[in-house]
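The structure under discussion appears below in the form of C-alpha cells.
The values are calculated or read from the model by the stated rules, or taken from the named source; none is laboratory data. It should be emphasised that the depicted structure is a prediction, and the values quoted were computed from it without experimental measurement. Counting neighbours? That spans all protein chains shown, and the Cβs are built from the backbone with ideal geometry, glycine included.
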Amino acid sequence: MEDKLTDDKIRKIIWGLNLRRDKLQKKLSYPKGMIEGCLHVIYKKCGNPNCKCAKGKKHGPYWALSKKEDGRRKLTYLDKIDDINRVKEYQRYNKRLASIRKISEKIFYWLKILRDRYTFSYEK
Ligand SMILES: [Zn+2]
C-alpha cells in the first residue's frame, strides 16, 4: 500500500507527524508538578445499618493514590484537589510520552521506506 504513495505524499505524512511530535514535545518540555501513581475512585460503606449506604448508596467518591512500594500496592487517600490534579498530570504526561514514541516510530517507518526507494545493491 505504501508503495503506491509518491515521495511527496510520504514527505507530507512525515511533515504532519513532525508537527504533532513538536507540539507534544513542547508540552513535555515544561512539566508541571506531578505525583507518581494511579488514581482510584473509591466508594465506601460506613457500617451504620441505618445509613443510606447500607441500602447500596455508598459514600464517595473518594480519591486515592495507588502506588507500588517494595512490590506491594499501597493506597493513600488524597484530600486536596491540587494533589488529585497532580496525579492526573502525571498520567497525562505518561500518555504524551507514549504518543511521542509512537509518532517517532511512524516517522522512522516512513523514512525507511524513502531510504529503500533510493537504495540499490551494488553489484559488479
Ligand atoms: Zn453510611
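Here are a few things to note about the model shown:
- Residue list for the range 12-57, restricted to those being free of Cβ contacts under 8 Å to residues at least 60 places away in the same chain, farther than 28 Å from D82 by Cβ and away from the ligand (no atom under 16 Å from the Cβ): K12, W15, G16, L19, D22
- In the range 48-63, residue surrounded by the fewest Cβ atoms within 10 Å (Cβ to Cβ) [restricted to those that are over 30 Å from K88 (Cα atoms) and under 38 Å from the mean Cα position of the chain (by Cα)]: K55
- Residues within the range 81-124 that are out of contact with any helix residue (DSSP H, G or I) (no Cβ under 9 Å at 6 or more places or on another chain), among the hydrophobic types (A, V, I, L, M, F, W, C) and touching a residue at least 12 places away in the same chain (Cβ under 8 Å), tallied: 2
- Every listed requirement among (1) in contact with an Asp or Glu (Cβ under 6 Å, 6 or more places away or on another chain); (2) at pLDDT below 95 is met by I113 save one, (2).
- Criterion violated by L24 - all others in (1) farther than 30 Å from I10 by Cβ; (2) touching a Ser or Thr at 6+ places or on another chain (Cβ under 7 Å) satisfied: (1)
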